[in-house]
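Everything on this sheet refers to the single structure shown next.
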Amino acid sequence: MENDVRRRRKRKRKKHSRLFVTIAATIVVVCAGVGAYFYYDYSNRVYTKCQVELGGQVEAKDFLKKPNIPAEFVSGSTYTTDIAGSYDVKIKSGIYTYDCTLEVVDSIAPELTVKELTRTREEVPRAEDFVESVNDASGNVKIYFGEGISFDNYGDIPINIVAEDSSGNRTAKDTVLHLVEEYDIIPPVIEGQLDKIVYTGQAVSYKQGITVSDNVDSDIQLQVDSSHVNLDVPGEYPIEYTATDSMGNTDLKEGTVTVIKAEYTPDEVDALADEVLAQIIKPDMSDYDKAHAIYVWVKGNIGYSESEDRGDWLKGAYDGLKNRHGDCYNYFAVSKELLTRAGIKNEDIEIIPTATRHHFWNVIDCGEGWRHFDTTPRTDKSFKGFYLTDEELMEYSNAHYRSHNYDREIYTYFMPSP
């Protein structure tokens, strides 16, 4: 009996021992799994390094592998994106705080624009003098010559300017140094048809009929300020022309753009002109032959009578083509329309007016330079105003009370090139 009790007690102790071992093993496994989960969750939430361009923006969530999870910089994390370098920061997300590195890099070269300069040998320019503008996020840019320069000869010297930031990024641009013996103080000269007439809704070529000349430079660009012009509303509007040479000398001229409400649409006038051209122009004609055919038609089909169409060439052309009569302005306007529709280069010209006399005609260019084109009949029946050189017309004009005395400062077609 006593032995049975002992055996039962022994079996009970063994059973309790096995249960304890099982429970302990389970706890160990569970703890290891939880620990592994938290370790995985901790190590896989962030990038330990984050890179941003100099001057850029950075947020704490940029360090997270899943950006939709909230994150913030821990107080005390000191950094700036205005200076390239590495910064140690702390990122807090959920229950974790991470030690990370923010790398601010500068990989973008400076933006550089350069200009040409004119100098004498006594004024050797610095590299910075050629810079029109330079921009870089670092705010620290060094400017220097990319190549050696010789000042031994006058003329145009090629220059290479380099802009390099503090990170070694470089931008190089080419320009020109004009080396002269002495400075040019004479401004360029703007000449030509500064006043323009245009119809509502139409475009206008502001630079047409205007020339710029200079005593030194040959490629000066004409600048036009037409900001006050409204081509949709009839009226008179101011316009400014400016031209500046390489030394900064500037000429400024003012003109007027007159916007007229068209009584007849350009399409209506074009249709009348095309009817005429279809009768007199052949496909194999040269520009000279086309111009002569137009001259003959206008002379033979438009009768002379007084008109009030001045200042509105479209109306003058319409009335001349529709009614087949008019004064010199109608002859000029009809010729302008026919020449333009035939593809012949042409411009307007008028006499310097007096109290008792006014006259209009055309000039054309058929590939041999400008020639006068005057279809208005004259009492001198021997006059033929087709394809006259300036010398020929001026000889006639001087012999007939300056009949074609025009302003050469406005109409520069026949002036020699500077």
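Using a Förster distance of 22 angstrom, determine the FRET efficiency expected from the C-beta separation of residue 116 and residue 240, and round it to 0.05.
So, using R0 = 22 Å, E works out to roughly 0.35.
Taking a ≥ b ≥ c as the square roots of the eigenvalues of the alpha-carbon gyration tensor, segment 111-179 is classed prolate because a/c is 1.5 or more and a/b outweighs b/c. Remark: spin-label model distance residue 142-residue 409 equals 5.5 nm, labels positioned 7 Å along the Cα→Cβ axis. Electrostatic bookkeeping for residue 388 treats Lys and Arg as +1 and Asp and Glu as -1; over the other residues with beta carbon under 10 Å from its beta carbon, the sum is -3.
Put a plus charge on the Cβ of each Lys and Arg, a minus charge on the Cβ of each Asp and Glu, and nothing anywhere else: the dipole of segment 91-237 about its Cα centre is then about 520 debye.
Only lysines eight or more places from residue 322 in sequence, or on another chain, were considered; those with a Cα closer than 16 Å are 299, 336. Under the criterion of Cα pairs below 8 Å and six or more residues apart, the relative contact order for the chain equals 8 percent.
Helical runs (DSSP H, four residues minimum) scored at -39500 (n - 2.57) apiece and divided by the length of the chain put the mean residue ellipticity at 222 nm at -8500 deg cm²/dmol. Taking each residue as 0.36 nm, the span from residue 368 to residue 325 lengthens on full extension beyond its C-alpha to C-alpha distance by 12.3 nm. Counting every other Cβ atom within 10 Å of each residue's Cβ, 294, 210 order from fewest to most as 210, 294.
Working from label points 7 Å from Cα in the Cα-to-Cβ sense, the residue 254 to residue 225 distance is 1.1 nm. Between residue 118 and 178, the built amide H atoms are under 5 Å apart, and every one of these is 5 or more places off in sequence or on another chain.
With respect to the cross-link table entries 61/92; 253/345; 282/381, which display a Cα-Cα separation exceeding 19 Å? Beyond 19 Å between Cα atoms: 253/345; 282/381. If you wrap the tightest convex hull around every Cα atom of segment 204-325 and split its volume per residue, you get 173 Å³. Rounded to the nearest angstrom and listed largest first, the equivalent-ellipsoid semi-axes of segment 49-105 from its Cα gyration tensor are 19, 12, 9.
Taking square-rooted eigenvalues a ≥ b ≥ c of the alpha carbon gyration tensor, is segment 322-399 rounded, prolate or oblate, where a/c under 1.5 means rounded and, failing that, a/b exceeding b/c means prolate?
Judged from the Cα gyration tensor, segment 322-399 comes out oblate (a/c at least 1.5, b/c at or above a/b).
Taking 4 °C and 1.567 mPa s as conditions, segment 266-399 diffuses translationally at an estimated 87 µm²/s according to Stokes-Einstein applied to its Kirkwood radius (Cα pairs).
Secondary structure note: in the chain, about 80% of the DSSP beta bridges are antiparallel. Each residue of segment 189-260 gets 73 Å³ once the volume of the Cα convex hull is shared out per residue. Exposure proxy for 48, 81: other Cβ atoms within 10 Å of each Cβ, ordered fewest to most, give 48, 81.
With a Förster radius of 25 Å applied to the beta-carbon distance between residue 263 and residue 208, the computed FRET efficiency rounds to 0.60. Exposure proxy ranking for 372, 358, 228, 292, based on other Cβ atoms within 10 angstrom of each Cβ and starting from the fewest, stands as 228, 358, 292, 372. First measure r as the distance between the Cβ atoms of residue 284 and residue 197, then evaluate 1/(1 + (r/R0)^6) with R0 = 35 Å and state the FRET efficiency to the nearest 0.05. Taking R0 as 35 Å, the efficiency between residue 284 and residue 197 is 0.50.
Decide, for segment 143-237, between rounded, prolate and oblate: order the square roots of the alpha carbon gyration tensor eigenvalues as a ≥ b ≥ c, take rounded if a/c falls under 1.5, and otherwise choose prolate if a/b is larger than b/c, else oblate. Verdict is oblate for segment 143-237.
On full extension of the chain, what length is gained from residue 68 through residue 101, given 0.36 nm per residue of separation minus the C-alpha to C-alpha distance?
Once the chain is fully extended between residue 68 and residue 101, it gains 9.8 nm.
Averaging the Cα positions of each part gives two centres, and for segment 341-418 and segment 177-230 these lie 24 Å apart.
Fully extended, how many nm does the chain gain between residue 59 and residue 183 (0.36 nm per residue separation, minus their Cα-Cα distance)?
Gain on stretching residue 59 to residue 183: 39.0 nm.
Among [x] 102, 62, 44; [y] 165, 62, 42; [z] 82, 63, 43, which one is Cα extents along the principal axes in Å computed from these coordinates? For Cα extents along the principal axes in Å, the calculated option is [y]. Considering only 119, 310, 378, the mean-square fluctuation computed in a Gaussian network model of the chain, springs between alpha carbons under 10 angstrom, is largest for 378. Local charge sum around residue 370 (other residues, Cβ-Cβ under 10 Å, Lys/Arg +1, Asp/Glu -1)? Local charge sum for residue 370: -2.
Readers should treat all values here as calculations from the given coordinates under stated rules, not as data from a laboratory. Just so you know, these numbers come straight off a predicted model, no measurement behind them. Cβ atoms come from the backbone with ideal geometry, glycine included; neighbour counts cover every protein chain shown.
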